[in-house]
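*Asks:* Once you've had a glance at the structure underneath, I'll fire off some questions.
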Amino acid sequence: MEKRVVFKNRLLPYLLVAPQIIITIIFFIWPASQALFQSVLREDAFGLSSTFVGLENFREIFSSSIYLNSIYTTLVFSFSVAAIALSLALFLAVMADRTARAATMYKTFIIWPYAVAPAVSGVLWFFLFNPTIGMVAFFLKSIGVEWNHTLNGSQAMILVVIAAAWREISYNFLFFLAGLQAIPHSFIEAAAIDGAGPWRRFWTIVFPLLSPTLFFLIVVNIVYAFFDTFGVIHAITSGGPNYATNILVYKVYSDGFLNLDLGGSAAQSVILMIVVITLTVVQFRFIERKVHY
């Protein structure tokens, strides 16, 4: 029989949740309200004077070809990172689930990259692909591929996608492995007895049962690519060359801190906030649906 906890002191529950509420107000609600307020203002570079302009900042950014190109770049970057990180993580999780010898060591080595900060990950891949001293760039040159991501926009995009996906593979691996280990082996054994091969067993039994985990990870990976890859972009390309890797979150930084367009940068951050809220709502609606079914 479950024992129910009763708080006799009416103030105690509020004291217990107070630290989380304070952190949420300071680091989310207050900055979000400031961004909403500044998005309808036009301020000077030093923030000493401001003029109410309504939705003019939003009209300007959506009429800017650089911002529209940044949206396209972000979509390409985000879906590329999610596709690579998810597919490789699923493959490694399937292999790890089948591994009998040295399984713990194998799983530990795969998980390690997640402990690396995005900026450090960016610096690591920058040096590997550096056109002058990079080992990978030297190998590519030896097989006839001229690599210089500082001048070639396509190569710069490939590099930042690899750097961002490499770190996220470990995160996806943990969820996929947990999902695979939660699937009853009796299902797979029954299919094997019926004559289904490994490939058919995976697509007809394992993959459908992993679909809730997969949907969750798709949303998480897209959010990660939208927001948590600033350090990777900043360390490797700084949004270049010629805006080839200038994703939305980096454009907020460059417009606000480098170009000192405070109103335009705030409007862009509001748009990003709407995007992440929309993705979160979609994710929770999907989870609620699964729970009801």
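*Asks:* Sorted by accessible area with a 1.4 angstrom probe, largest first, how do Phe257, Phe126, Phe91 fall?
*Replies:* Sorted by accessible area, descending: Phe257, Phe91, Phe126.
*Asks:* Still on this structure: I'd like the FRET efficiency for Leu151 and Phe37, computed as 1/(1 + (r/R0)^6) with the beta carbon distance as r and R0 of 45 Å, rounded to 0.05.
*Replies:* 0.65
*Asks:* Compute, for Val6, the solvent-accessible surface of its heavy atoms (probe 1.4 Å) with the complete set of protein chains present, and express it in square angstrom to the nearest 10.
*Replies:* 110
*Asks:* Run the numbers on the stretch 35-81 and let me know its relative contact order in percent, using alpha-carbon pairs under 8 Å that are six or more apart.
*Replies:* Relative CO of the stretch 35-81 lands at 25 percent.
*Asks:* For Phe207, tell me the accessible area in Å² from a 1.4 Å probe, rounded to the nearest 10.
*Replies:* Estimated to the nearest 10 Å², Phe207 gives 60 Å².
*Asks:* Rg to Rh for the stretch 148-238: what is it, with Cα atoms only and Rh by Kirkwood?
*Replies:* Looking at the stretch 148-238, the ratio lands at 1.18.
*Asks:* Taking springs between alpha-carbon atoms closer than 10 angstrom, which of Asp261, Asp194, Asp44 fluctuates most in the Gaussian network model of the chain?
*Replies:* Between Asp261, Asp194, Asp44, it is Asp194 that shows the largest mean-square fluctuation.
*Asks:* Let me test this: with uniform point scatterers at the alpha carbons of the stretch 197-249, what is the Debye-based log₁₀ I(q)/I(0) at q = 0.15, 0.18, 0.23 1/Å?
*Replies:* -0.59, -0.66, -0.81
*Asks:* Go through the stretch 147-155 residue by residue and turn each phi into a ³J(HN,Hα) via Karplus (6.51, -1.76, 1.60, θ = phi - 60°); whole Hz please, and just put x for glycine and proline.
*Replies:* For the stretch 147-155, the Karplus curve yields 9, 7, 6, 6, 10, 9, x, 5, 5 Hz.
*Asks:* Also: Once the stretch 32-72 is represented by equal point scatterers at the alpha-carbon sites, with solvent omitted, what log10 I(q)/I(0) does the Debye formula produce at q = 0.22 Å⁻¹?
*Replies:* These q points yield log10 I(q)/I(0) values of -0.79.
*Asks:* Rounded to two decimal places and with Rh computed the Kirkwood way over Cα pairs, what is Rg over Rh for the stretch 51-206?
*Replies:* Expressed as Rg/Rh, it is 1.13.
*Asks:* OK, next. On a 1.4 Å probe surface of the protein chains, which of Glu168, Glu43 comes out largest in accessible area, and what is the full order?
*Replies:* I get Glu43, Glu168, largest accessible area first.
*Asks:* What do you reckon, how do His185, His234 stack up by accessible area (1.4 Å probe), largest on top?
*Replies:* His185, His234
*Asks:* Also, I was wondering about something else. With r as the distance between the Cβ atoms of Phe109 and Tyr72 and R0 = 45 Å, compute the FRET efficiency 1/(1 + (r/R0)^6) and round to 0.05.
*Replies:* After rounding to 0.05, the efficiency reads 0.80.
*Asks:* Something else: Which whole number in µm²/s is D for the stretch 86-168 by Stokes-Einstein, with the Kirkwood Rh taken over Cα pairs at 37 °C and 0.692 mPa s?
*Replies:* 227
*Asks:* What FRET efficiency comes out for Ile277 versus Lys8 if R0 is 41 angstrom and r is the Cβ-Cβ distance? Round to the nearest 0.05.
*Replies:* Computed FRET efficiency for Ile277 and Lys8 comes out at 0.60.
*Asks:* Pairs of alpha-carbon atoms within less than 8 angstrom and 6+ residues apart define the contacts here; what relative contact order does the stretch 96-172 have, in percent?
*Replies:* 33
*Asks:* One-quarter of the Cα convex hull surface for the stretch 1-132, in nm²?
*Replies:* If I average the Cα hull's projected area over directions, I get 18.8 nm².
*Asks:* Of Gly134, Gly197, Gly239, which is the most mobile in a GNM of the chain whose springs link Cα atoms less than 10 angstrom apart?
*Replies:* Looking only at Gly134, Gly197, Gly239, the biggest GNM fluctuation is shown by Gly197.
*Asks:* How large is the accessible surface of Val17 in square angstrom, using a 1.4 angstrom probe and rounding to the nearest 10?
*Replies:* It works out to around 70 Å².
*Asks:* Give the average over all directions of the projected area of the C-alpha convex hull of the stretch 178-293, one decimal, in nm².
*Replies:* Computed as one quarter of the Cα hull surface, the answer is 10.4 nm².
*Asks:* Over the chain, with a Gaussian network built from C-alpha contacts below 10 Å, which listed residue (Leu177, Leu151, Leu11) shows the highest mean-square fluctuation?
*Replies:* Leu11
*Asks:* Expressed as a rounded percentage, what relative contact order does the chain have, with Cα pairs under 8 Å and six or more residues apart?
*Replies:* 28
*Asks:* Please compute one quarter of the surface area of the Cα convex hull for the chain and express it in square nanometres.
*Replies:* Its average projected convex-hull area is 24.0 nm².
The values are calculated or read from the model by the stated rules, or taken from the named source; none is laboratory data. The structure presented is a predicted model; accordingly, all values stated were derived computationally and were not measured. Heads up, the Cβs are rebuilt from the backbone with ideal geometry, glycines too, and the neighbour counts pull from every protein chain shown. In case anyone asks, the SASA skips ligands and DNA or RNA and just uses the protein heavy atoms, side chains included. Shrake-Rupley method; radii C 1.70, N 1.55, O 1.52, S 1.80 Å.
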